[in-house]
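Asker: Got a structure for you, written out below as structure tokens; questions coming shortly.
Read-outs throughout are calculated quantities, based only on the coordinates presented, and are distinct from any laboratory measurement. If you're wondering where the values come from, they're calculated on a predicted model, not measured in any experiment. Ideal geometry is used to build each Cβ from the backbone, glycine not excepted, and the neighbour counts take in all protein chains shown.
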Amino acid sequence: MIRLASIITILIFLILPSLSLAEEAPDLYFFWAEGCPFCEQQKDFLKEIEEQYPRINIRQYSTEEPGSINILIRLVEEHPGSERYLGATPMTFIGEDFFVGFSSEIGNEIENSIEKYYQETEIENEEKDTFYLPILGNINPEKWPLGGLALVIGLIDGLNICSLGALIIILILVFALHSRKLTIFFGGFFIFITALVYGFLIFIWNQLFSVFLPYMSAMEMIIGLAAFLGGFYFLKQFFDFRKQGPVCRIEENKIISSLTKKLENSFKEKKSNWALLGGVIFFAAMVTIIEFPCSAVFPIVFTGILAQANLSIVASLFYIFIYLLFYMLDEIAVFLIAVFTRKIWINSGPFMTWISFIGALVLFFISYYYIFVL
């Protein structure tokens, strides 16, 4: 999975520069001539339009420039009825509409044409983004609430046997102290630090996607590819789990193995609670960072979708918090059961196995939407 995260990161920097920088925006063609007072009035009007509609592409051409005539003739051919006004200025084209001359009334008509273009584009995009699924009917994922998406992806991401394995290590060590208060103290800090570090990593990915937000078409392709690779990984994990049962390779990581032994020695030597707390905090942070690639595709896909919503930082943090809440839900459940029963409970093997399959389906669905529907 570390290779997968590396591939996704490389894709971001290889694909983004080669694709278009902007979303589809209307083109307004304005032809003017020297000494034309109405042309000067329309230039002032178009400055206001540009401020009011920043996405619009205003292309101004002087009829005295030879290259402009070819563009004008092409537009006249595309707009039946405009040929009779050839040579008049100012002349304006937007979408299927054209305007000759300028006045306050014509200015209102130009603005109405821009509004009409935006409305038609929005309807076309909505129809394009909607597709049919058996039983469910017509689906438009863009209308799904981000909170629901954070809940579903966060919950599936949280059912990660590796993150549970680290918590179980802490609980086993703490149980040796025979103190419910210390179990709450150390276990609670472990969960808090895990959530804090994981949330920070998610926030970094969100900010990275936000920087590249102008590359909208590339964003969609990256999210789709990341989801596809992640779906393939979790489908493979599903078949592996069916053969040998859910297994976490956490002990195979030399760094984590070394940290675990040092933490075990600290508890055996019964060092001060503050020293043990420092060890727990460091262990939680390192495990979260090192094991992040195990399920990195879920937060990467989620933050990509979140960045596309173009929310404020506060709103983005709110949805990341929802994601984290459901990501930590299983660890909180295991922790509370351990506190009140002094027993360690984990999900059954078949349950963890089928969660991998569900995760693969969710990722394949997102991949299909972003690659083939958008």
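Asker: Rank-order 147-158, 94-105 by packing density, defined as the average count of other C-beta atoms within 10 Å over each peptide's residues, highest first.
Answerer: Going by the mean number of other Cβ atoms within 10 Å, highest first, we get 147-158, 94-105.
Asker: Please list 275-286, 309-320 highest first by mean number of surrounding beta-carbon atoms within 10 Å per residue.
Answerer: Descending mean neighbour count gives 275-286, 309-320.
Asker: Shifting gears a bit: Which ³J(HN,Hα) values, rounded to whole Hz and listed in residue order, are derived for region 323-335 from phi using the Karplus coefficients 6.51, -1.76 and 1.60 in 6.51 cos²θ - 1.76 cosθ + 1.60 with θ = phi - 60°, glycine and proline given as x?
Answerer: Residue by residue, region 323-335 yields 4, 5, 4, 7, 5, 8, 4, 5, 5, 5, 5, 4, 5 Hz.
Asker: Each label point is 7 Å from the Cα along the Cα-to-Cβ direction; what then is the distance between the points at residue 50 and residue 242, in nm?
Answerer: Reported label-point gap for residue 50 and residue 242 is 6.1 nm.
Asker: Is the shape of region 287-335 rounded, prolate or oblate, going by the alpha carbon gyration tensor and its root eigenvalues a ≥ b ≥ c, with a/c under 1.5 for rounded and a/b larger than b/c for prolate? Provide the component values of the computation, followed by the final result.
Answerer: Numbers: a/c = 2.67, a/b = 1.48, b/c = 1.81.
Taking the square roots of the gyration eigenvalues as a ≥ b ≥ c, region 287-335 is oblate.
Asker: OK, next. FRET efficiency for residue 312 and residue 333, Cβ-Cβ distance as r, R0 = 25 Å, nearest 0.05?
Answerer: FRET efficiency, residue 312 to residue 333: 0.20.
Asker: Moving on. Which lysines, on any chain, are close to residue 43 with Cα under 22 Å apart, when same-chain ones fewer than 8 places away are left out?
Answerer: 116
Asker: Which pairs break 24 Å Cα to Cα here: 181/271; 254/343; 236/262; 236/343; 270/343?
Answerer: Violating the 24 Å limit, Cα to Cα: 254/343; 236/262; 236/343.
Asker: Moving to a separate point now. With a 10 Å radius around each residue's Cβ, average the other Cβ atoms per peptide and rank 329-337, 78-86, highest first.
Answerer: 329-337, 78-86
Asker: Which ³J(HN,Hα) values, rounded to whole Hz and listed in residue order, are derived for region 38-52 from phi using the Karplus coefficients 6.51, -1.76 and 1.60 in 6.51 cos²θ - 1.76 cosθ + 1.60 with θ = phi - 60°, glycine and proline given as x?
Answerer: For region 38-52, the Karplus curve yields 5, 5, 5, 4, 5, 4, 5, 5, 5, 5, 5, 4, 5, 6, 6 Hz.
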